[in-house]
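K.L.:
This structure is in structure tokens; I'll ask about it shortly.
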2 protein chains.
Amino acid sequence: MTDFSVSHVVLKPGAWSSQRHWHIGEDEFLVMISGEAVLVDETGEHVLRAGECAAFPKNDRNGHHLQNRSDTDCAFVVVGAGEELGGEYSDIDMCFTAAGTYVRKDGTPYAAKRAR
Amino acid sequence: MTDFSVSHVVLKPGAWSSQRHWHIGEDEFLVMISGEAVLVDETGEHVLRAGECAAFPKNDRNGHHLQNRSDTDCAFVVVGAGEELGGEYSDIDMCFTAAGTYVRKDGTPYAAKRAR
């Protein structure tokens, strides 16, 4: 398949899906399939349980991530598509770029290359 | 969101998701979220339960559909994206076209307009 990507993600107890972030050019959609996680965004905290979904439209600066605060694994499927234009981490001084690099919010580079 | 579409579908006991079909230009991906359904395609029958997924790449002539043969509702999420170029129903003399019409496999039109 080439029209969108799909990832199956398992979060261990205590794990985060990523730093809280948003994408400039990519829509994301998530379906919880087992266990539960806490979706954290600018509007607060929202428990997601199996069968529940969340949508993250591109260029919506409401950064999001999932935290597994339970004592068992949780699993979800996340779909993404669009233009890989980079985006921003909400809670730390870091952006990810279209070129696959990390920069500070003032544009100065970090040394690390982005894994993708 | 504009990069892909997402549908939440509930199938009543006995219901089919559609006639068995495939798309010329659109990838589809499905996540079962509750209950169970039987995925029927050219390779046979496959029971899908909550948390299980299936991918239907565009232009793969292996037509598929879901049948709820259980005695309770089942629910799934289906993601689609790509070019709406039409496609074919595997088991009946019908194709759906990019123009939103139905035609026989020899190209002669049916009167009905496609709902989308």
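K.L.:
How many of the residues in segment B:1-17 are facing chain A (nearest Cβ under 8 Å) and touching a residue at least 40 places away in the same chain (Cβ under 8 Å)?
P.N.:
Residues meeting the conditions: 4.
K.L.:
Let me ask something additional. If we scan segment A:45-65, do we find a residue that is farther than 21 Å from B:Leu30 by Cβ, over 14 Å from the mean Cα position of the chain (by Cα) and not in a strand (DSSP E or B)?
P.N.:
no
K.L.:
Something else: Quick one: which of A:Val31, A:Val47 is β-branched (Val, Ile, Thr), touching a strand residue (DSSP E or B) at 6+ places or on another chain (Cβ under 8 Å) and closer than 28 Å to B:Pro57 by Cβ?
P.N.:
On the way: A:Val47 fails: closer than 28 Å to B:Pro57 by Cβ.
After ruling out the rest, the residue left standing is A:Val31.
K.L.:
Please specify each residue of segment A:85-116 satisfying the condition of being part of a loop (DSSP other than H, G, I, E, B) and of a type outside the set (A, V, I, L, M, F, W, C). It would help to see each step written out before you state the result.
P.N.:
We begin by selecting, within segment A:85-116, every residue part of a loop (DSSP other than H, G, I, E, B); these are A:85, A:90-93, A:98-100, A:104-108, A:114-116.
Correct list: A:Ser90, A:Asp91, A:Asp93, A:Gly100, A:Arg104, A:Lys105, A:Asp106, A:Gly107, A:Thr108, A:Arg114, A:Arg116.
K.L.:
A follow-up question, please. Could you list all residues from segment A:1-30 that are under 23 Å from A:Glu83 (Cβ atoms) and not in a loop (DSSP other than H, G, I, E, B)? First the steps, then the outcome.
P.N.:
Narrowing segment A:1-30 to residues under 23 Å from A:Glu83 (Cβ atoms): A:1-7, A:9, A:17-30.
Matches in segment A:1-30: A:Ser5, A:Val6, A:Ser7, A:Val9, A:His21, A:Trp22, A:His23, A:Glu26, A:Asp27, A:Glu28, A:Phe29, A:Leu30.
K.L.:
Also: Could you please find all residues in segment B:35-57 being within 10 Å of chain A (Cβ to nearest Cβ), surrounded by fewer than 18 Cβ atoms within 10 Å (Cβ to Cβ) and under 19 Å from A:Glu52 (Cβ atoms)?
P.N.:
B:Ala50, B:Glu52, B:Cys53
K.L.:
Can we say B:Phe96 is more than 26 Å from A:Val77 (Cα to Cα) and not basic (Lys, Arg)?
P.N.:
Details: more than 26 Å from A:Val77 (Cα to Cα): yes; not basic (Lys, Arg): yes.
For B:Phe96, the condition - more than 26 Å from A:Val77 (Cα to Cα) and not basic (Lys, Arg) - is met.
Residues checked against (1) farther than 30 Å from A:Asp73 by Cα; (2) among the small types (Gly, Ala, Ser); (3) free of Cβ contacts under 8 Å to residues at least 12 places away in the same chain:
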residue: B:Leu39; (1), (2), (3): no, no, no
residue: B:Gly44; (1), (2), (3): yes, yes, yes
residue: B:Asn59; (1), (2), (3): yes, no, no
residue: B:Phe76; (1), (2), (3): no, no, no
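K.L.:
So A:Gln67 passes all but one of these: (1) exposed (fewer than 12 other Cβ atoms within 10 Å of the Cβ); (2) of a type in the set (S, T, N, Q); (3) in contact (Cβ under 8 Å) with a residue 24 or more places away in the chain; (4) more than 25 Å from B:Gly35 (Cα to Cα). Which condition number does it fail?
P.N.:
Condition (1) is where A:Gln67 drops out.
K.L.:
Only one of these is away from chain A (no Cβ under 14 Å) and farther than 28 Å from B:Lys113 by Cα: B:Arg69, B:Arg20. Name it.
P.N.:
Unique residue meeting the criteria: B:Arg69.
K.L.:
Okay, next question. Filter segment A:95-114 down to the residues that are among the hydrophobic types (A, V, I, L, M, F, W, C) and more than 14 Å from the chain's Cα centre (by Cα) and list them by number.
P.N.:
Result: A:Ala98, A:Ala99, A:Val103, A:Ala111, A:Ala112.
K.L.:
Can you find a residue in segment A:23-31 that is among the β-branched types (Val, Ile, Thr), in contact (Cβ under 8 Å) with a residue 60 or more places away in the chain and within 14 Å of another protein chain (Cβ to nearest Cβ)? Steps first, answer last, please.
P.N.:
Our first condition is that a residue be among the β-branched types (Val, Ile, Thr); within segment A:23-31, this holds for A:24, A:31.
Next cut, in contact (Cβ under 8 Å) with a residue 60 or more places away in the chain only: A:24.
The next check asks that each one be within 14 Å of another protein chain (Cβ to nearest Cβ); those that pass are A:24.
Yes, the conditions are met somewhere in segment A:23-31.
K.L.:
Related question: Which is more than 29 Å from B:His8 (Cα to Cα) and either at pLDDT 95 or above or of a type in the set (D, E, K, R) (or both), of A:Cys95, A:Cys74, A:Cys53?
P.N.:
A:Cys95
The values are calculated or read from the model by the stated rules, or taken from the named source; none is laboratory data. Remember, predicted model here, so these are calculated numbers, not experimental data. Because the Cβ atoms are built from the backbone with ideal geometry, glycine has one as well, and the counts that use them run over all protein chains shown.
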